[in-house]
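Every number in this text was worked out from the coordinates using simple rules, so none of it is lab data. On a predicted model such as this, the values are computed, not experimentally measured, just so you know. Positions of Cβ are backbone-derived with ideal geometry, glycine not excepted, and every protein chain shown enters the neighbour counts.
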């Protein structure tokens, strides 16, 4: 039986993602949140019935039963796993859900250039979907 209640699939090349993961790891005192870096060459996206393009396009998370969620729902579940679910609960309210998912999609699309603006570069100098060729070698 596993102790984790939710697993965050994140892009370890993304400067914003790395920062968020480090913060969540510090808060993860009970081990209810697991982390898996989808940018590692040995990562197999087929384990999650997804392609690298899908996983780099938007954040994904998985429950121990194999159920997969995407976009802002991943953050809601990750925060819930570390005891801070109340912080993101409003992002799931019917009136706000579509707005936050839309804002997240904009962020996901431009996260790498935005990271450069804030002085945060990718670990290898390239990130996300643009870096897929490296993973397929």
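Screening the stretch 58-74 for residues that are within 8 Å of the chain's Cα centre (by Cα) and not in a loop (DSSP other than H, G, I, E, B) and picking the one that is farthest from residue 48 (Cα to Cα) gives 74.
Restricting the first member to the stretch 28-39 and to residues that are in contact (Cβ under 8 Å) with a residue 60 or more places away in the chain, and the second to residues that are surrounded by 16 or more Cβ atoms within 10 Å (Cβ to Cβ) and in a loop (DSSP other than H, G, I, E, B), the beta-carbon pairs closer than 6 Å and six or more apart or on different chains are 39/11; 39/12; 39/13.
I'm checking my understanding of the structure. Among residues of the stretch 61-73 that are touching a helix residue (DSSP H, G or I) at 6+ places or on another chain (Cβ under 9 Å) and over 13 Å from residue 105 (Cα atoms), which one is surrounded by the most Cβ atoms within 10 Å (Cβ to Cβ)? Result: 61.
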